[in-house]
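Student: Let me give you the structure first, and then I'll get to my questions.
The values are calculated or read from the model by the stated rules, or taken from the named source; none is laboratory data. Every value quoted in this text rests on a predicted model; they were computed, and no experiment measured them. Heads up, the Cβs are rebuilt from the backbone with ideal geometry, glycines too, and the neighbour counts pull from every protein chain shown.
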Amino acid sequence: MNYGRKTPSTYRSNPSVYSHATGRSSTNLHSKSRSMKSVQIPWYRKPILKNNDYIDIQKCALLTGFFSIFVAIFTIVTAIFDIYCLGMAAPGSTHYGYYFISYEFVYVGNVHVRNSLIVCALFSLIGGFATLITSVLLVIALRKEYERKVVPWLWTMGAFIVFRFLAFLLFSIVNDLIFAYNVLMVMCWVVILGGLSYGWTVVWSLYLELADLTKLEDLAHLRVSFLETSYFFLNKKLRFQMGTMASLHSTTHSLAGSRPTTPHSTVSTIPVG
């Protein structure tokens with residue numbers, strides 16, 4: 001007898017069946033939640049727009065490409081015109097002769113603001129050429145469904161929209177909107193920036209769909225190539241086994257058909273008596 005000590009009860013130490021079931025179910029739930037989190041697509045990889053009864057993403061993306069070509073040409077022309085006007089209407093300059101336009105709408109105030117307008121016009125000229133090149137590549141890529149060639153246009157157009165929005169704010173603040181040219185430019189760029197923003201979302205959505213299709217095609221090609229390789233090696237292995245079995249069968253048949261010649265088994269041909 002052990003006084004002062006309690007022997008551990010085997011009945012109490014046996015784990016419950018329900019505790020095992022609860023632990024396993026909780027483990028399965030945690031694993032499922034982790035797998036679902038790994039499968040979930042990030043928000044920036046989800047298409048913003050999808051095909052419906054009113055929108056065809058592919059046609060809208062192609063129209064966006066042609067529209068961006070027009071915007072690029074328009075930007076180049078207006079940037080050259082703004083640089084020319086700012087150069088001709090420089091403070092302290094004197095011009096003689098007949099001019100077909102009046103430079104009263106050109107800003108001639110603060111030197112730093114005027115230089116900022118010239119810099120915006122120069123960068124708009126560079127951005128116009130970059131947008132023109134990438135827009136032509138975009139149209140070609142959309143016709144052939146090459147999603148990788150869409151990426152340069154997405155980056156270029158995104159930067160172009162942000163820059164032109166800031167330049168639009170500067171232009172609309174510092175210039176007098178009592179002149180027809182300034183009012184016309186403000187109205188045009190409001191429409192252009194809205195159209196380019198919508199077009200960028202369309203092309204981005206189409207790019208994500210094409211990228212997903214390309215991934216599925218790559219997986220399908222990989223699976224087909226794996227099956228072809230497995231079939232080739234399996235066929236080669238079966239041929240090797242069949243050749244081995246055939247050689248063993250012929251060896252066994254030859255061993256069974258040959259009888260050893262002994263002195264007792266020879267037949268004498270000498271006549272008796």
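Student: Go through (1) in a helix (DSSP H, G or I); (2) touching a residue at least 12 places away in the same chain (Cβ under 8 Å) for Pro91 and report which single condition fails.
Tutor: (1)
Student: Does Leu177 qualify as being within 21 Å of Ile83 (Cα to Cα), in a helix (DSSP H, G or I) and among the aliphatic types (A, V, I, L, M)?
Tutor: no
Student: Being in a helix (DSSP H, G or I) and exposed (fewer than 13 other Cβ atoms within 10 Å of the Cβ) is the filter; apply it to the range 94-112 and report the residue that is modelled with the lowest pLDDT.
Tutor: The qualifying residue modelled with the lowest pLDDT is Glu104.
Student: Identify all residues within the range 152-175 that are surrounded by 15 or more Cβ atoms within 10 Å (Cβ to Cβ), out of contact with any Ser or Thr (no Cβ under 6 Å at 6 or more places or on another chain) and closer than 19 Å to Ile57 by Cβ; write none if there are none.
Tutor: Leu154, Met157
Student: Sticking with this one: Please identify the pairs in which a residue from the range 100-111 that is farther than 17 Å from Thr78 by Cα has its Cβ atom under 7 Å from the Cβ atom of a residue that is of a type in the set (Ser, Thr, Tyr), counting only partners at least 6 apart or on another chain.
Tutor: none
Student: Please go through the range 134-165 and give me each residue that is hydrophobic (A, V, I, L, M, F, W, C) and either part of a loop (DSSP other than H, G, I, E, B) or without any contact (Cβ under 8 Å) to a residue 24 or more places away in the chain (or both), ordered by number.
Tutor: Leu137, Ile140, Ala141, Trp155, Val162, listed by residue number.
Student: Just to be sure, is Thr131 within 18 Å of Val203 (Cβ to Cβ) and polar (S, T, N, Q)?
Tutor: In short, yes.
Student: What number of residues in the range 117-138 are crowded, with 19+ Cβ neighbours inside 10 Å and either of a type in the set (S, T, N, Q) or under 18 Å from Lys59 (Cα atoms) (or both)?
Tutor: Residues flagged as crowded, with 19+ Cβ neighbours inside 10 Å and either of a type in the set (S, T, N, Q) or under 18 Å from Lys59 (Cα atoms) (or both) within the range 117-138 amount to 5.
Student: Does Ser205 fit the bill of being of a type in the set (Ser, Thr, Tyr) and either free of Cβ contacts under 8 Å to residues at least 24 places away in the same chain or surrounded by fewer than 16 Cβ atoms within 10 Å (Cβ to Cβ) (or both)?
Tutor: Spelling it out, it is not the case that Ser205 is of a type in the set (Ser, Thr, Tyr) and either free of Cβ contacts under 8 Å to residues at least 24 places away in the same chain or surrounded by fewer than 16 Cβ atoms within 10 Å (Cβ to Cβ) (or both).
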